[in-house]
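See structure below.
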Amino acid sequence: GSCFAHVQQAPEDPILGITVAFNKDPSPVKVNLGVGAYRTEDGKPLLLNVVRQAELHLVSDESRNKEYLGITGIVHFNKLSAQLILGSDSPAIAENRVVTAQCLSGTGSLRVGGEFLGRHYSGQKIIYVPSPTWGNHLKIFPLAGLEARTYRYYDPRTKGLDYEGMLEDLRAAPNGSILLLHACAHNPTGVDPSQEQWEGIRRVVREEKQFLPFFDCAYQGFASGSLDNDAWAVRRFVGDGGEVFVAQSYAKNMGLYAERVGALSIIVKEPAVATRVESQLKLVIRPMYSTPPTHGASIVTLILSSKKWFEEWKEELKAMADRIRSMRHELFNALKERQTPGNWEHILNQIGMFTFTGLSKEQVEYMRREDHIYMTLDGRISMAGLNSRTVPQVADAIHRAVV
Ligand code: PLP
């Protein structure tokens, strides 16, 4: 018999499993609002024009080779990534207090950061993540040796931030814990703190609790359409001189999902500490995957280092963010026209790729069964998956599910 006969069938990943179910559905009118990936007005994946240009440049450059990169990846990529999130005038970068490693997109950056903390963090090896959060957080950090706990974040009654509940939970957490924060465009809720609320959170982190903030930045540029605006919170926390971890992903903002390009930056207080942290970070990465891949990071490096391509990228990024925002207005207006019961203002107010609709699990299942519209069971819909053709269809379905 097989040594593996006892292996149990595992459930599908709750998010990737939606696409599996969607692909099996033969209906010609089916709509997938489950996956957090940008789609054009025609419902197609988008390869950014700057990315195509950079790739053409790469393949035609005969001086290139496929030698191994160093353990922390492309040095220039790391520098440019740190500048992108911290600002090109960041004192922390100028003072050599930032260690950056090219990692396997956002997920890999979180995992490497988690592993490093599991081994070397001198505070509490407990990481507080928002409730709800991107489901993978709760799986990544325990595997890295951190205990994961949640803090209140979303208030279903207001469909906004539970700011008071959040601060209460943070104050009740052990001093020196790690605090995971979504840098912008919180997934799945689309609810971000205001700048004033960020300041309140920062004061609790720095002055009351000595937490280590770990920012997950998967949507820089996608929230507001501006790379700088979306980095505001991270820059405030780095600007006060305290220590910060930040995981960056180029999956969404450059449409490089499958290339797995991201970066982990660790900002510390002294250059000498940064040097030692980097040496240990290499020992974390080497036995995991040895060295990162070169193609995607080369694309990013070209785009970030060419003034012309950087400007083009910002335009394409803004166009994606704008289309998502216009879908918010179209869906909101369509529900208003139908006089669908309930207040749908949160569709306009929430930020980034997703709307946390407030639809119940039963309503979500009803829409899947009756209307072939797919979303996560928590009622999260990807606004990027909508277009002018599908908005009326989705609004009809929501209306039927609600009434
Ligand atoms: N963090 C958040 C909040 C996300 O929503 C995602 C992707 O959906 C990621 C991290 C990681 O994505 P990737 O590993 O593809 O960069």
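The values are calculated or read from the model by the stated rules, or taken from the named source; none is laboratory data. Quick caveat: nothing in here was measured; it's all calculated off a predicted structure. Cβ coordinates were reconstructed from backbone atoms using ideal geometry, including for glycine residues, and neighbour counts include every protein chain displayed.
Here are some notes:
- Test set (1) of a type outside the set (S, T, N, Q); (2) under 27 Å from the mean Cα position of the chain (by Cα); (3) assigned to a helix (DSSP H, G or I) - Leu359 fails condition number: (3)
- Single residue of segment 363-393 satisfying the filter (out of contact with any helix residue (DSSP H, G or I) (no Cβ under 7 Å at 6 or more places or on another chain) and assigned to a strand (DSSP E or B)) that is nearest to Ala321 (Cα to Cα): Ser382
- Condition check for Ser63: under 23 Å from Val261 (Cα atoms), small (Gly, Ala, Ser) and at pLDDT below 95: yes
- Considering segment 64-119, the residues that are within 16 Å of the ligand (Cβ to nearest atom) and out of contact with any strand residue (DSSP E or B) (no Cβ under 7 Å at 6 or more places or on another chain) include one that is nearest to Lys282 (Cα to Cα), namely Glu115.
- Contact map, segment 140-159: first residue closer than 18 Å to Asp192 by Cβ, second residue assigned to a helix (DSSP H, G or I) and of a type in the set (Gly, Ala, Ser), Cβ cut-off under 6 Å, separation 6 or more or different chains; pairs are Arg152/Gly165.
- A count restricted to segment 137-151 and to residues that are out of contact with any His (no Cβ under 8 Å at 6 or more places or on another chain), surrounded by 15 or more Cβ atoms within 10 Å (Cβ to Cβ) and under 22 Å from Pro14 (Cα atoms) stands at 8.
- Extreme residue, farthest from the ligand (Cβ to nearest atom), among residues of segment 120-136 that are among the hydrophobic types (A, V, I, L, M, F, W, C) and closer than 21 Å to Ala233 by Cβ: Ile127
- Hits in segment 171-201 - residues which are in a helix (DSSP H, G or I) and surrounded by 20 or more Cβ atoms within 10 Å (Cβ to Cβ): Ile201
- Given (1) over 24 Å from Gly190 (Cβ atoms); (2) more than 14 Å from the ligand (Cβ to nearest atom), number of the condition Arg235 does not satisfy: (1)
- For segment 255-297, taking the residues that are assigned to a loop (DSSP other than H, G, I, E, B) and out of contact with any helix residue (DSSP H, G or I) (no Cβ under 6 Å at 6 or more places or on another chain), the one that is farthest from the ligand (Cβ to nearest atom) is identified as Glu270.
- Restricting attention to segment 91-131, the residues being of a type in the set (D, E, K, R) and either in contact with a Phe, Trp or Tyr (Cβ under 7 Å, 6 or more places away or on another chain) or farther than 25 Å from Leu256 by Cα (or both) number 4.
- Here Gly17 clears all of (1) away from the ligand (no atom under 16 Å from the Cβ); (2) free of Cβ contacts under 8 Å to residues at least 60 places away in the same chain except the condition numbered (1).
- Taking the listed residues Phe245, Phe237, Phe214, the one that is in contact with a strand residue (DSSP E or B) (Cβ under 9 Å, 6 or more places away or on another chain), in a helix (DSSP H, G or I) and aromatic (Phe, Trp, Tyr) is Phe237, with no other qualifying.
- Checking segment 293-308 against the condition returns no match, with no residue being under 23 Å from the mean Cα position of the chain (by Cα), crowded, with 16+ Cβ neighbours inside 10 Å and either aromatic (Phe, Trp, Tyr) or closer than 19 Å to Phe245 by Cβ (or both).
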